[in-house]
Amino acid sequence: MGLAGNLNSDNLNFFNSQGYVVLESFASDEEIEAMRKQMDHLLDGFDCSTSSVFSTTNQQKVTDDYFYESAEKISFFFEEKAFGDDGNLKQPKELSINKVGHALHELDPVFKKFSHSEKTSNLLHSLGYKRPVDIQSMYIFKQPGIGGEVVPHQDNSFLITEPSTCTGLWLALEDATIINGCLWAIPGSHKNGLVRRFIRGEEGVYFDHPPPSYDQNDFVPIEVKAGSLVVIHGDLIHQSFENQSSKSRHAYSLHVVETDGCRWSQENWIRRKVKPEPLYAS
Ligand SMILES: O=C(O)CCC(=O)C(=O)O
C-alpha cells in the first residue's frame, strides 16, 4: 500500500499539544449507515443467555472468562442498569447492551472494512506508526437512560506495550453532545505520562495503582457530529458520563498499537492465540 499521511500540520500540532484531535467527516454517511445496520443485524442474532455485564466502576468484579475470550470474538456486554430487581431486562435487548467487542475489526466484514481502510492506515502513518495493529474494537451504545459512565482513564493502561504506543480512534456514529454522553478530556494530560496499568494476574485483573483524583473542572467536552473521528493519544485522561437523556450515542472505538521496536506486555488482559496482522509495514 502506498501510504500518504492525511493529517495536516494544524491537526498534528493540535494532537501533540492537546492529546486529541477531531477529524470531521472522517467517515461517510454510507459507512456510518453500513456499520449501524450491521450492528442491528448482529443484535438480532444475539442470544441473551451468552453474555456478561460491562462496568468501568466495577471492572475488577465483572471481568470473567467471557470478557477474556472476547479479545478474539464478537461478544455482547449488558449495561449494569439493564436489569430489574427480578433479574429480567427492563427494556428490549437492543436497548440493554453497553458494548460489543473486542474483535469486530477482525471478524466482521463491515467493521473490518473501515478498520483496515486506506484512510485509517494513512492516519496512522501520519502519526508515525511503522507496523501498527488494530488490537481491539468496541461498538459502544451509551443507551438512552441507562448508558453507563466511563470513568477517567488512559487507553495505554489497558493495552500495554513497552514503550507505550496506543492510540484510540473513536468514531461518532451519532452526534455526541453533553446531553447524551460525549467524551470529555483533560487537554494536554498526555504529557504527564502513564498513571497506572491494568494487569491480568493469576487471581484476575487489578490496577497497579489506585485511581488519582481528578478535578472535574479540568475536563473539556468533545462534542462532535456523526462521522467525526476523535484521535486520542494513549496517555490522554478521558471519560464520559452516564447518558440520562432519551437519545442514544453510538460510537465505534478502535485501538491501535505499534509492533515495530516495542513489546506487547504479557500482563495485558488480551492474550491472543493468534497474532493480529499488521495494517501495513513501512
Ligand atoms: O465511548 C465512550 O464513552 C468512552 C470510550 C473510551 O473511553 C475509549 O474508547 O477509550
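State the three equivalent ellipsoid semi-axes of segment 19-166, derived from the C-alpha gyration tensor as the square roots of 5 times its eigenvalues, in descending order and whole Å.
Its equivalent ellipsoid spans semi-axes of 28, 19, 15 Å.
Using the Cα centre as the reference, give the magnitude of the dipole from point charges on the C-beta atoms of the chain (Lys, Arg: +1; Asp, Glu: -1; all else neutral), rounded to the nearest 20 debye.
Working: 26 positive and 39 negative charges, 87 e Å.
Around 420 debye, computed over the chain.
What are the ³J(HN,Hα) values, in whole Hz, obtained from phi via the Karplus relation 6.51 cos²θ - 1.76 cosθ + 1.60 with θ = phi - 60°, for each residue of segment 176-184 in sequence order, with x given for Gly and Pro?
10, 10, 4, 5, 9, x, 5, 6, 10
Pull out the extension gain between Ser282 and Asn217, defined as 0.36 nm times the separation in residues minus the alpha carbon to alpha carbon distance; nm, one decimal. Please report the intermediate quantities before stating the final value.
Values: separation 65, 0.36 × 65 = 23.40 nm, distance 4.14 nm.
Length gained between Ser282 and Asn217: 19.3 nm.
Beyond 14 Å, how much of the Cα-Cα pair distribution for segment 84-127 remains, as a whole percent?
Values: 625 of 946 pairs.
That fraction is 66 percent.
Multiply the residue gap between Ser265 and Lys130 by 0.36 nm, knock off their C-alpha separation, and tell me the result in nm, one decimal place.
Details: separation 135, 0.36 × 135 = 48.60 nm, distance 1.87 nm.
So the chain would gain 46.7 nm between Ser265 and Lys130.
Grab the Cα-Cα distance for Ile179 and Asp29, subtract it from 0.36 nm times how many residues apart they are, and report the gain in nm with one decimal.
Values: separation 150, 0.36 × 150 = 54.00 nm, distance 2.26 nm.
Fully extending the segment from Ile179 to Asp29 adds 51.7 nm.
Exceeding 26 Å between C-alpha atoms, which entries from my cross-link table qualify? They are Lys191/Lys247; Lys73/Lys113; Lys130/Lys275. Don't jump to the answer; show the numbers that get you there.
Details: Lys191/Lys247 34 Å; Lys73/Lys113 17 Å; Lys130/Lys275 17 Å.
In this structure, Lys191/Lys247 lie more than 26 Å apart at Cα.
Let me cross-check Arg131: its accessible surface, 1.4 Å probe, with only protein heavy atoms counted, in Å² to the nearest 10?
Rounded to the nearest 10, the figure is 90 Å².
Just want the answer: with Cβ charges of +1 for Lys and Arg and -1 for Asp and Glu, which residue in Ser49, Val230, Phe219 is farthest toward the dipole's positive end in the chain?
It is Val230.
With 10 Å bins from zero, work out the P(r) of the chain over every alpha carbon pair and list the percent per bin.
Per 10 Å bin, starting at 0, the Cα pair percentages come out as 6, 30, 40, 21, 3, 0.
Sticking with the crude label model, points 7 Å out along Cα→Cβ, report the distance from Ser117 to Asn88 in nm, one decimal please.
Here the answer is 4.2 nm between the modelled labels.
Run the simple label-point estimate for Lys191 and Tyr68 please: 7 Å along Cα→C-beta, distance reported in nm.
4.1 nm
Just how many % of Cα pairs in segment 132-256 lie over 25 Å apart, if you round to the nearest whole percent?
Working: 1890 of 7750 pairs.
Counting pairs separated by more than 25 Å, the tail of P(r) holds 24 percent.
Probe of 1.4 angstrom, ligands and nucleic acids ignored: what's the accessible area per residue over the chain, in square angstrom? Mind dumping the intermediate values first?
Values: 12990 Å² over 282 residues.
That works out to 46 Å² for each residue.
The values are calculated or read from the model by the stated rules, or taken from the named source; none is laboratory data. Just so it is clear, the structure is predicted and the values come from calculations on it, not from any experiment. So basically every Cβ, Gly included, is an ideal-geometry build from the backbone, and we count neighbours across all protein chains shown. Side chains included, ligands, DNA and RNA excluded: accessible areas come from the protein's heavy atoms. Shrake-Rupley method; radii C 1.70, N 1.55, O 1.52, S 1.80 Å.
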